[in-house]
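Heads up: the structure comes next, in structure tokens.
The values are calculated or read from the model by the stated rules, or taken from the named source; none is laboratory data. Keep in mind it's a predicted model, so treat the numbers as computed, not measured. All Cβ positions, glycine included, derive from the backbone under ideal geometry; neighbour counts span all protein chains shown. Heavy atoms of the whole protein, side chains included, go into the accessibility calculation; ligands, DNA and RNA do not. Shrake-Rupley method; radii C 1.70, N 1.55, O 1.52, S 1.80 Å.
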Amino acid sequence: MKTQLLVVLGLLFGLAAAVERMGAPKVLTPNYVNKKLYIMYTGGTIGMAKTDQGYAPKPGFLQGLMNKSPAFNNQPLPKYVISEYSPLLDSSNMVPTDWLNVAKDIYDHYDEYDAFVVIHGTDTLAYTASALSFLLGNLNKTVIVTGSQIPMVEPYSDATNNLLGAIMAAAMYPHLPEVTVYFKGSLLRGNRVQKLSSWDFAAFDSGAFPPLGTWGGSLEIFSDHLLSAPTQPLQLYEKVSPNVITILLYPGITGDLVRRLIFPPKGDARVEAVLLLAFGMGNGPDANQEFMDVLAEATQHGIIVVDSTQCFRGIVDLTHYATGSALAKVGCIGGMDMTPDAAFTKLAWLLARTDLGQGDERLNKVKSLMQVNLRGEMMGPLVPNM
């Protein structure tokens, strides 16, 4: 157990040390001459207007502000087209079918445009960025998801800098082979980000994984941090399972409550997987026998239980503490260092795939792939073409 932990910690500290030793970054050469971008405006704070009920999305409002802004008109910018979604959504109202719509939109316009920007609300932005990373297989064009904490209409807003930065980054580096998030001068891996603040302009962070790029006097992309370019054509996955639930552990959680969440009344949709947001390194209340019995029953019925951590910077190791190994004994699998957003969307994506077989074969493949690095969402060697 100690050996495994030391290996994990060694990987984390080794990554940090490598980043520190790098000094001057190995950067890619920017080129945005005659680039053509496709911008998908799904909604969010960035284009909201004041109403009697508070800020709300307003059709046409964001593009009207951009048309009047010197930032978007008084300098050479790449060519871009804005596709405004209808209805525009506060991201709290977004659902998995919206992830599929954005992925399909990118796929449909993939050959026509050089790179893509998704304007999105911040509340569920990390879910969408993670989902897109799985739904778009063999991606070899830049996709940047961005938004703002304050509407563009307000005088002290982060909207212009974020949107302009995303547009310029996408045009300058149109062949970054991953879904990214651009916020307050940092370009982050999309399936590594979490929202940290509801008011700070640095709203997102990718934890122990370093930024893919930073914007100071110029935009620098750290090529050593990027995924390898794919050799296969873009592949679109068009389904996600709606039968994944998240359970947040808290002191005193009861087995009866967990049972009612995992085993709904007859006639309701069957739960296929549970994302268990556990304490620390994946620990749970192993002294609560009723709770442990429910999890054991779930895994025996073919329900996948993925143990993830509630910590922003953390990793699950179910061998380190007895309270973690007890969860492994009842069939839970560890989520390593995946964010809750990435683990949830990865589960939903894998469970909807029809190429993983049937019955026990499918179950075992999904469990195995949840513990393998497919899109840079977790530490470990990358397994391509999955």
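Summary of values
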read-out: Unmet criterion (only one of (1) among the polar types (S, T, N, Q); (2) within 17 Å of Val102 (Cβ to Cβ); (3) open to solvent by 30 Å² or more (accessible area, probe 1.4 Å)) for Thr146; value: (3)
read-out: Test: residue in region 273-288 that is modelled with pLDDT under 95, touching a strand residue (DSSP E or B) at 6+ places or on another chain (Cβ under 8 Å), on the phi > 0 side of the Ramachandran plot and surrounded by fewer than 20 Cβ atoms within 10 Å (Cβ to Cβ); value: yes
read-out: Qualifying residue in region 38-45 (condition: at pLDDT 95 or above, within 28 Å of Pro211 (Cβ to Cβ) and either in a helix (DSSP H, G or I) or of a type in the set (S, T, N, Q) (or both)); value: yes
read-out: Members of region 245-269 found to be under 25 Å from the mean Cα position of the chain (by Cα) and assigned to a loop (DSSP other than H, G, I, E, B), listed by number; value: Leu249, Tyr250
read-out: Test: residue in region 47-64 that is at pLDDT below 95, of a type in the set (Ser, Thr, Tyr), within 25 Å of Thr214 (Cα to Cα) and surrounded by fewer than 16 Cβ atoms within 10 Å (Cβ to Cβ); value: no
read-out: Scan of region 289-313 for residues that are assigned to a loop (DSSP other than H, G, I, E, B) and open to solvent by 30 Å² or more (accessible area, probe 1.4 Å), ordered by number; value: His301, Gln310, Cys311, Phe312, Arg313
read-out: Flag for Gly302 being of a type outside the set (Phe, Trp, Tyr), more than 26 Å from Gly137 (Cα to Cα) and in contact with a helix residue (DSSP H, G or I) (Cβ under 7 Å, 6 or more places away or on another chain); value: yes
read-out: Verdict on Gly335 being touching a helix residue (DSSP H, G or I) at 6+ places or on another chain (Cβ under 7 Å), within 30 Å of Leu135 (Cα to Cα), of a type in the set (Gly, Ala, Ser) and open to solvent by 10 Å² or more (accessible area, probe 1.4 Å); value: no
read-out: Those residues of region 171-195 which are farther than 16 Å from Asn140 by Cα, open to solvent by 10 Å² or more (accessible area, probe 1.4 Å) and outside any strand (DSSP E or B), in sequence order; value: Lys184, Gly185, Arg192
read-out: Lone qualifier among Leu100, Leu163 - being among the hydrophobic types (A, V, I, L, M, F, W, C) and crowded, with 24+ Cβ neighbours inside 10 Å; value: Leu163
read-out: Subset tally (residues that are surrounded by fewer than 16 Cβ atoms within 10 Å (Cβ to Cβ) and farther than 19 Å from Arg313 by Cα) for region 373-383; value: 3
read-out: Flag if Ser198 is in a loop (DSSP other than H, G, I, E, B), open to solvent by 30 Å² or more (accessible area, probe 1.4 Å), hydroxyl-bearing (Ser, Thr, Tyr) and under 30 Å from Ile46 (Cβ atoms); value: yes
